Structure formats: C-alpha cells, structure tokens
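Asks: Let me begin by handing over the structure; questions about it come next.
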Amino acid sequence: MNETNRPISLAGTPAASPLGYYSWTFGQAARDPLYIMVIIYIFFPYFSNVVVGDPVRGQALIGYLNAGAGVFMALTIPFLGAIADKIGKRKPWILGSHLLMAVIAVSLWWILPGGQGVGLGLGFFLLLILLIAFGYAEVFHNAMLPAVSPIDKAGIISGMAFSLGNMCAIGLLIFVLFAFALPGTLDWSFLPSAPLFGIDKDLHEHDRIVGPLGGLWLLIASIPLFLFTPDGKASGNPVFASVQQGLKDVVNTIKQLKHYSNIAIYLLSRMFFNDGMAGVLVFNGVYASGTFGWDTIALLLLGIFTSTSAMIGAYLGGLVDDKLGSIKTLKIAIGMTTLILIGLVSMQPDTIFFVVSVSTEPVWSSPYFSTVAEVIYFLMFQVFALFFVTGLSASRTLMAKISPPEMATQFFALYSLSGTVTAFLAPLLVGTTTAIFQSQRAGFASLILLMVIGAIMLFLVKEERSTVAPGQRQ
C-alpha cells in the first residue's frame, strides 16, 4: 500500500502501514516488562522489605523516590517535548532513554540486602534515574501515536500496545518463577533441582536478577520500533535554534491557556486520577507483602495473573474505546478502579470489607493466597488491573484525539507532566500518610482522594480536537 492510499491518521496525514503501527506497539512491549518486574512486583518490594529492612519505612522511602522523580520530570519534560517537536524526530530521544534505562537496570544487581553493595543511597539514586528515563521514553513514544495510527484504530492500537507489554511481562515473570524462585522449594519433577545459573536465593539474587533481565529485554524488544515505525521528518533547523524555539513554544502555550482550555481541564483531571490509579499498582506489591507477608514467589504469581488480567483488559478496553469513545471508556475505568481500591484497603489478614471478621486458617492446600482475605484481595486486584489498563489506554487515545497534531510531542509532554505532577504529590501523600499514621493501610488508602477528584473533573472535558492558537502558527 503506497502512502497516498493509506488511511488518514489522527494527525491528518497518511497513517503508517500496518507493519509500522504494529511495530510501534513494541515500544510498550519493550518498556513495560521492566517497569512491571522492577517497580510493581519484585524489585521495589525487595528494596522496601530487604534493602531498607522495614516495610513501613520502605514504603515511605519509595513514596519519596517517586516524588523526587516527579519533581525532576515536571521541571524538564515540557521543554524537551517542545524541543523535540521542533527537531521533528522522536526516535533518537527514545533510543537515548532506552539505553540509559538498560544500563541502570543492569546495575540494580549490585543493590544488595541490608544496604550492602552499592549502598542504600546510591541504590536510591539509581532507581530515581530509572524512573526519570522511563518517563522520558514514554513521552516520546506516546507522541508518535497520532501520526502512525489510523483514525478508526487508535483505541485498539493503544490497547494492543498495553496488552503486548503485559503479555511479554507474563513470559518474563514465568521464567523468573520457574528458573529462579521455585527451584529448591518444591519437588515437582519438571523444576530444576536448584536455581539456574547458580542464582543464590539467600542473597536475594532471584529478586535482583529482574533488573538485568528487564534491561536486556528492553534492548531486544525495541528493535521493531526502530526498524519499521516511521519517525517524524527532521526539520533541518540548527539544534540551538530548535531549542530556543521549543522553549518559546512552552511559554506561548502557557499564554494561550484559554484557547487550550479543554486540554488544560483534561490534563488537570489526569493529574489526579492517573496517579491515583498508577499509585495503586506501584504500591500494591509493597502493601501486600507488608500486610500479608507475601514473599517473592507469591508476588511473582500475583504479577503473572495480574499481567494476564491487564493484557485482557487492554485489548477489550481498546475495542470499547473505538466503540463508545475514549472519554466514556475512561469514566467507566476510573469509577470501577476507585470502588475496587476501597475494597482493597478494607482487607486485613483477619478482616474483610473493614468490619467482617474472617479466619486466618488456610482454606485450601496451596501455600500461596490461602486465607479468605488473601483470596479476596487477589481476585479484586485482578479486576482492578483489567479496568486500570483500560483507563491507561483510553486516556492516551483521548489525548491523541484532542491535541493539535502539529504540537503532538509538546502536548504529550504536558500529558506526561500531568502524571508527574501528582507523581510526586501522590507518592509524597502515601509516604507522608504512612509515616504519620505508621500504617501502610492509611498510606495506601490516601490514593482514593486523588481518583475521586480526577473523576469529577473529567465530566468537564469534551472529546473534540483543539487547533493551534493563532498566535502560535508558524
């Protein structure tokens, strides 16, 4: 199919070929497994419980870690996005971010139990850089969507990207489970008698290996994106001139805020609901391991099942997005995740739904998720994951639909910023609340407030495209 026969993209230009836009989804497939293994399920809980050595203090520190990354990104991402729009190409920015993420991911191997190895301070700094690099990669990758996606397929392409990312994470989590975590704990005939490659579980090497493994996968899975997805055209302008103009554009966009009021309200809404939803995923492993005493194997199993639920939710959510529209899909997703979060924080080992006492005796023979409270928590979190990823996908598609194509990277930078503003406020809220009340439950529950505020504001947003303000036309 030649360019003139291709369907029109969200940007109003010929969309990429199917090979091009399906290869775009591999940017997510490369990036998400590292995030899922390191930040959500394995490494952050290990860092909190073993490196820091105190679940309450560890959750507070992780809150401050995310807060620090959010502050830095809030100060830099909008300007980088505007500069990238002027330069025209996004792939070099993605490549630089991915290389940095891979190097940092490998270095996580040397963050040892009890603050040994590189030490707690340097380990904290490495995780901070990883979060920042991930945020940069996400901005530039998202900004490619309007130009590569056909108008009638934006929802399903966005959903497939999240679905593929979770599917790849499932594969890696299963590998870690059967190659490193389970050997030596069960006498199943198909399991190795000891962890592969000499992994020593007493030194928590089965936790630390997810960093190097995720970094290697990031580099391999990025290849289709770089080979087959078309990039923007280079502007040909000198780099220094592009930097100057990009900085001016950010200032001009702020001055033209009234013209972009619909986008501004949406981004303000997303500042709250996105980080509330994302915070549940980030802190869930830390919260569940501290509340129920779940070990690495339990968290791996949780990650495998939850990523499967997210994969299904992303695909079905993409279909619903194209059918009902992005904003209706997003409202449904936020409403459901808020209700489920209330249910999650109602769980304690001997209590469900805040007031119902339950037995702490096992209800079945499995050593994992064996009590009433654990089973209900586990099942509720599967439903949360389904609606959470539906919301992530729909929110990205909505941004692509309402922002001017000529300013895609700048607005997707602001889109990322709308997550990073509360990416320091929300973790700071969780960290501070946890520390004040000396309760993981109180810290986890504080995210409900953000989701409710964001949901209310979303009712003021219209699903219609903005145009470039007259004062900004080139």
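This table checks each residue for (1) closer than 24 Å to GLY443 by Cβ; (2) in contact with a Gly (Cβ under 9 Å, 6 or more places away or on another chain); (3) crowded, with 24+ Cβ neighbours inside 10 Å.
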site	(1), (2), (3)
GLY276	yes, yes, yes
TYR287	yes, yes, yes
THR306	yes, no, yes
MET311	no, yes, yes
TYR315	no, yes, no
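Asks: Using beta carbons and a limit of 9 Å, which pairs, at least six apart or on different chains, have the first residue in segment 319-343 and under 12 Å from VAL280 (Cβ atoms) and the second one not in a helix (DSSP H, G or I)?
Replies: GLY343/ILE352; GLY343/PHE353
Asks: State which residue pairs qualify: first residue within 13 Å of SER48 (Cβ to Cβ) and inside segment 106-127, second residue modelled with pLDDT of 90 or more and outside any helix (DSSP H, G or I) in any location, beta carbons under 7 Å apart, and separation of 6 or more residues or different chains.
Replies: Going by the 7 Å Cβ cut-off, the qualifying pairs are GLY123/ILE111.
Asks: A further question follows. Identify the residue in segment 344-370 that is of a type in the set (S, T, N, Q) and free of Cβ contacts under 8 Å to residues at least 40 places away in the same chain and, among all such residues, is surrounded by the most Cβ atoms within 10 Å (Cβ to Cβ).
Replies: Here the answer is SER346.
Asks: Taking SER359 as meeting all but one of (1) small (Gly, Ala, Ser); (2) under 30 Å from VAL148 (Cα atoms); (3) assigned to a loop (DSSP other than H, G, I, E, B), write down the number of the exception.
Replies: For SER359, the exception is condition (2).
Asks: Restricting attention to segment 82-98, and to residues there that are at pLDDT below 80 and not charged (D, E, K, R), which single residue is surrounded by the most Cβ atoms within 10 Å (Cβ to Cβ)?
Replies: ALA82
For (1) at pLDDT below 90; (2) under 19 Å from the mean Cα position of the chain (by Cα); (3) surrounded by 21 or more Cβ atoms within 10 Å (Cβ to Cβ), each residue gets a yes or a no:
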site: GLY53; (1), (2), (3): yes, no, no
site: ASN66; (1), (2), (3): yes, yes, yes
site: PHE79; (1), (2), (3): yes, no, no
site: ALA102; (1), (2), (3): no, yes, yes
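Asks: Within segment 275-302, can you find the residues that are farther than 30 Å from ILE453 by Cα, part of a helix (DSSP H, G or I) and not hydrophobic (A, V, I, L, M, F, W, C)?
Replies: THR296
Asks: I've got another one for you. Which residues, taken from segment 273-297, are over 16 Å from ILE62 (Cα atoms) and aromatic (Phe, Trp, Tyr)?
Replies: Once the filter is applied, which keeps residues that are over 16 Å from ILE62 (Cα atoms) and aromatic (Phe, Trp, Tyr), segment 273-297 yields PHE273, PHE292, TRP294.
The values are calculated or read from the model by the stated rules, or taken from the named source; none is laboratory data. All of these numbers come straight from a predicted model, not from anything done at the bench. Using ideal geometry, Cβ is built from the backbone for each residue, glycine included, and neighbour counts are taken over all protein chains shown.
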